[in-house]
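For reference, the structure discussed in these notes is given below.
The values are calculated or read from the model by the stated rules, or taken from the named source; none is laboratory data. Every value quoted in this text rests on a predicted model; they were computed, and no experiment measured them. Here the Cβ positions follow ideal geometry from the backbone for every residue, glycine too, while neighbour counts run over all protein chains shown. Accessible surface is based on the protein model in full, side chains and every heavy atom, while ligands, DNA and RNA are left aside. Shrake-Rupley method; radii C 1.70, N 1.55, O 1.52, S 1.80 Å.
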Amino acid sequence: MTESTTPKPLSPDQLCRYCDPAELGFRTTDELEDPLHIIGQGRAVEAIRFAVGIERDGYNMFAAGPSGTGKHSTIRQFLEGRAAKMPTPPDACYVNNFEDPHRPNLISLPAGKGAPFRRDMAQLVELAQAAIPRAFEGEEYRTRRRELDARFRAAHDRIFEEVQKEATEKSIAIIRTPAGIALAPIRDGQVVGPEDFSKWPEDEQDKTRKVIDELQEKLHAAMAELPAFERQVREDLRELSQSTTISAVGHLIDDLRRRYDDLPEVQDYLDQVRHDLVEHAGEFMRGGGPAESAGGEDGEESGSGPDGASDPRGAFFQRYAVNLLVDNSRCQGAPVIYEDLPNLQNLIGRIEHMARFGTLMTNFTLIQPGALHRANGGYLILDAVKVLTAPFSWETLKRALKSREVRIESPERIMSVATTITLEPEPMPLDLKVVLLGDRMTYYLLAQYDPEFGELFKVEVDFEDSMARTPANMKMFSRFLAKLIRHQKLRPFEAGAVARMIEHASRLVDDADKVTAHIRSLCDLAVESDYWAMTNDNAHVTAEDVQLAIDTKIRRADRIRDLSYEQIARKTILIDTSGATVGQVNGLLVMQLGKFPFGHPARITARVRLGRGHVIDIEREVELGGPLHSKGVLILSAFLGARYCPDMPLSLGASLVFEQSYGGVEGDSASSTELYALLSALSEVPIHQSLAVTGSVNQHGQVQAIGGVNEKIEGFFDVCKQSGLTGDQGVLIPAANVQHLMLRRDVVDAVTAGTFRVYSVRTIDEGIELLTGVPAGVRGGDGRFPPDSINGRVEAKLAAYAEAARRFMHRDTDDAVHP
């Protein structure tokens, strides 16, 4: 193992990667054209193209990524481009099912023909309301009706005339009474009453009764012929009414049939309308009329229809209305629909009701479409979390995609608790692609726990959080910002302002070689920068305006940070930025409040003693430490046992604690800090309190990268600044985090002036040398560390602990043998 060398402070150029406005190649964003392609989302774009290109079941999309990365706008841009080249889907109409009004029929018409068809049917009813009464009031109908009436009277008279003639010859009168027809004898031209008849001789009475009985039988025989004749007359009248109705409206329906002769569904429907008009011609008569007797054989009463027999006359004519469910007349290509509130009714449609006569009534004209109807033939975009949290929406969506049809159902029917009769509209065949927008965790949970999800959403569109900060990408990034600025109708941005936004975009992802793909954050910064340009009376947005927008946004959120710094300044929270102490080191933490992260130091102390090789994490013991933090502490025992006294048992008892920590601690970024405190306590060498540390450590003593490096450095810098910068203060960070540095300008200026330092370390040995000023030491040829080195002192202390433990063990053994 070679002798370690103490790391040098990082240069100012390593602390922040600035963007040179001159390299961008423009003065203001007005000079830039919109980008031709979506930048930084190559993987997502490929997935979208694949999904929209493959015409197979189940290849719906789930766009995964953080909110604000432009998932919706990117998806919509591609879908609208694809949809414009697709055929426009047909219009959809619900019409009355005359045979079963509770199950309305669905008719599809070419795009743009639904509204004309609805107008044509409304006009047909309007014309029929005038034509049918006019036809029944016409001379032709009246003449034929009189002929039928005369024929009926003539037949009636003929039947009774023969019986009447015979009765007259036999002196018998036929009398019509309220109770029916009666026969009575006549004498001297007068009807003989019962009392006078009883005075006749018995033989004459018997003879007269016999004649009356014979005539009664003949009368009954004649009357038996009458119902059949009446039925024939009614049938003739029915045929007359039907022929009159057809002559009145038949040519109107024929005109519609010719207009829609290429649509079999419409042809069938018009045939049903023709039949229904004939059967219900009486409904078109003003206040009834002669056609009322032309009703159907089932005796259906006036006003019967979808709304019941007691509805007003206007409600009856709704049976011929057309409910235009989906009107694609204005669509240029296929629809692209985003449903912001994907509850059950907005997704699959609903059946509305209206109050009438104290009850709720409905009919097929009250059927309303859902997003699946409106997007049919195209694309539907939904927010995954909203669909999942809306009752019944997720299961209903999956069922619709699997069955490839949209069935309008109420929540009550889905729950099987419906007890009332309602409509059951004919389902609409479904042909569309669904795009779900959500975060990655939602995607992973659905993929893991919902077996149907993988069958229905086979394409994952994974959006990047960031993109590489290459010169070519930054030119495209500038064009993207220019497009965003024009879209938001903001002032033009100077090249310096764009450069400052690029720097901030790198800071948002904590990476000097990348910029964020979080479009919403960039848009917010651009809008706020434009506000400050307006306040400062600038025609263009400058770099100073952008910086002011960044600073004021932090100012609005940094109250808690300032309070924590104030507590340190007033010694309420104990943090030393000078001097040296054994077993004590300044660790660095990051606190996130809302969307504002900030760093602050925390004192970490270690105490050591003879023990059984355990390092006690006090945070874990009181359940304030998370599993990752506990993992980091357990690694320390493994490191100590492997590096020092490998041929002796680790006889150490140590405790570690975050002093004045009253909340939970999670993460392993303080594990190297805790190890430094342990090494200081074991070696009894003090640590410079002017330095703070962050970084995780592995079992081999290598310092590993952590998150929030910029906030941690700035947090300790702010604490040192309020107590006074001395030039000795600084921060130790993992060498792997140097590429992530995008520090504030004031921190870089302090480093430039030599009043603050940032060190990068690769190993624990490098870090302990910086913290103590004492060489870490490496094993020599004899296998020993130099006695005055940190490692030598630590090993000597652990060897002493092991020897003491051995003596205690032998003493206990001797006491057991010789009590």
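Rank these residues by their accessible area, most exposed first, probe 1.4 Å: 210, 170, 433.
210, 170, 433
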What residue among 115, 778, 495 has its Cα farthest toward the positive end of the dipole of the chain, where the charges are +1 on Lys, Arg and -1 on Asp, Glu, each on the Cβ? 778
Magnitude of the charge dipole, the range 360-439, Cβ model with Lys/Arg +1 and Asp/Glu -1, debye to 20: 160
Would you mind classifying the range 678-819 by shape? Square roots of the alpha carbon gyration tensor eigenvalues, ordered a ≥ b ≥ c; an a/c under 1.5 is rounded, otherwise it is prolate if a/b is larger than b/c and oblate if not. prolate
Quick one: Cα centre-to-centre distance for the range 180-211 and the range 320-378, in angstrom? 79
In degrees rounded to 10, the 0-90 angle between helix 471-487 Cα long axis and the longest Cα principal axis of the chain is 40
Output the 0 to 90 degree angle, nearest 10, between the alpha-carbon long axis of helix 709-723 and the longest principal axis computed from the alpha carbons of the chain. 60
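About its Cα centre, how strong a charge dipole does the range 731-802 have in debye, to the nearest 20, once Lys and Arg get +1 and Asp and Glu get -1 at the Cβ?
Working: 8 positive and 8 negative charges, 24 e Å.
In debye, rounded to 20, the range 731-802 gives about 120.
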Bin by bin, in steps of 10 Å, what percent of the Cα pairs in the range 391-477 do you find, going until the bin that has the longest distance? 12, 32, 25, 16, 9, 4, 1
Quote the FRET efficiency, to the nearest 0.05, computed for residue 659 versus residue 728 with a Förster distance R0 of 25 Å and r equal to the Cβ-Cβ distance. 0.65
Farthest toward positive dipole pole in the range 626-768 [+1 Lys/Arg, -1 Asp/Glu at C-beta], among 637, 739, 654: 739
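Give me the percent of accessible area attributable to carbon and sulfur for the chain, probe 1.4 angstrom.
Working: 20840 of 40690 Å².
Exposed carbon and sulfur together represent 51 percent of the surface.
Express in nm, to one decimal, how much length is gained between residue 684 and residue 487 on full extension, taking 0.36 nm for each residue of separation and deducting their alpha carbon distance. Don't skip to the end; give the middle numbers.
Values: separation 197, 0.36 × 197 = 70.92 nm, distance 6.37 nm.
Between residue 684 and residue 487, full extension yields an extra 64.5 nm.
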Taking a probe of 1.4 angstrom, what is the accessible area of residue 531 in Å², to the nearest 10? 120
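What accessible area per residue, rounded to a whole number of Å², is obtained for the chain using a probe radius of 1.4 Å? Walk me through the intermediate numbers first.
Numbers: 40690 Å² over 819 residues.
Result: 50 Å² per residue.
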Non-local amide H neighbours of residue 687 (under 5 Å, H modeled in plane, Pro and chain starts lacking H): which ones? 581, 582, 583, 584
If amide H atoms are modeled at 1.01 Å from N in the peptide plane, then the residues at a separation of 5 or more from residue 761, or on another chain, having amide H under 5 Å from its own are 733, 735
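Using the beta-carbon distance between residue 271 and residue 149 and R0 = 35 Å, what value does 1/(1 + (r/R0)^6) give for FRET efficiency, to the nearest 0.05?
After rounding, the FRET efficiency stands at 0.60.
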Label residue 359 and residue 609 with points 7 Å out from Cα along Cα→Cβ: what is the distance between them in nm? 8.6
Go ahead and run the numbers for FRET between residue 54 and residue 424, Cβ-Cβ distance against an R0 of 41 Å, rounding to 0.05. 0.75
Expected vector for the range 71-79, Karplus 3J(HN,Hα) from phi with 6.51, -1.76, 1.60 and θ = phi - 60°, integer Hz, x for Gly and Pro, equals 4, 5, 5, 5, 4, 5, 4, 5, 5
Report D for the range 412-533 in µm² per second (integer): Stokes-Einstein, Kirkwood Rh on Cα pairs, 20 °C, 1.002 mPa s. 114
Apply the Karplus curve 6.51 cos²θ - 1.76 cosθ + 1.60, θ = phi - 60°, to the phi angles in the range 278-285 and return the couplings in whole Hz, x for Gly and Pro. 5, 5, 10, 4, x, 5, 8, 7
Helix 495-508: inclination vs the chain longest Cα principal axis, degrees, rounded to 10, gives 90
For the range 467-536 and the range 8-63, what is the separation of their Cα centres, given in Å? 12
Solvent-accessible area of residue 521, probe 1.4 Å, all protein chains present, reported in Å² to the nearest ten, please. 40
Could you give the length gained on full extension between residue 799 and residue 191, defined as 0.36 nm per residue of separation minus the Cα-Cα distance, in nm? 203.7 nm
Report the Cα centroid-to-centroid distance between the range 767-793 and the range 702-748 in angstrom, as an integer. 26
Extension gain from residue 205 to residue 746, taking 0.36 nm per residue of separation minus the Cα-Cα distance: 180.6 nm
The farthest towards the positive end of the charge dipole of the chain, of the residues 787, 759, 378, given +1 on Cβ of Lys and Arg and -1 on Cβ of Asp and Glu, is 787
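What translational diffusion coefficient, to the nearest whole µm²/s, does the chain have by Stokes-Einstein, given a Kirkwood radius computed over alpha-carbon pairs, a temperature of 20 °C and 1.002 mPa s viscosity? If you can, show how the numbers build up before the last one.
Working: Rh = 36.2 Å.
This corresponds to a translational diffusion coefficient of 59 µm²/s.
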Once you put a point 7 Å from the Cα of residue 20 and another 7 Å from the Cα of residue 168, both along the Cβ direction, what distance in nm separates them? 13.4
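Specify whether the C-alpha gyration tensor of the range 326-425 places it in the rounded, prolate or oblate class, a ≥ b ≥ c being the square roots of the eigenvalues: rounded for a/c under 1.5, otherwise prolate if a/b is larger than b/c and oblate if not. Could you put the intermediate results ahead of the total?
On the way: a/c = 2.14, a/b = 1.38, b/c = 1.55.
Oblate.
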Can you classify the range 637-738 as rounded, prolate or oblate using the Cα gyration tensor, where a ≥ b ≥ c are the square roots of its eigenvalues, rounded means a/c under 1.5, and otherwise it's prolate if a/b beats b/c and oblate if not? prolate
Rounded to the nearest 10 Å², the 1.4 Å probe accessible area of residue 760 is 20
Exceeding 19 Å between C-alpha atoms, which entries from my cross-link table qualify? They are 170/207; 433/458; 8/797. 8/797
Setting aside same-chain residues fewer than 8 positions from residue 475, which lysines have a Cα under 17 Å from its Cα? 483, 514
With +1 on each Lys and Arg Cβ and -1 on each Asp and Glu Cβ, and nothing else charged, work out how big the dipole of the chain is about its Cα centre, in Debye to the nearest 20. 2920
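Take every DSSP beta bridge whose two residues both sit in the chain, then give the antiparallel share in percent to the nearest 5.
About 60 percent, rounded to the nearest 5.
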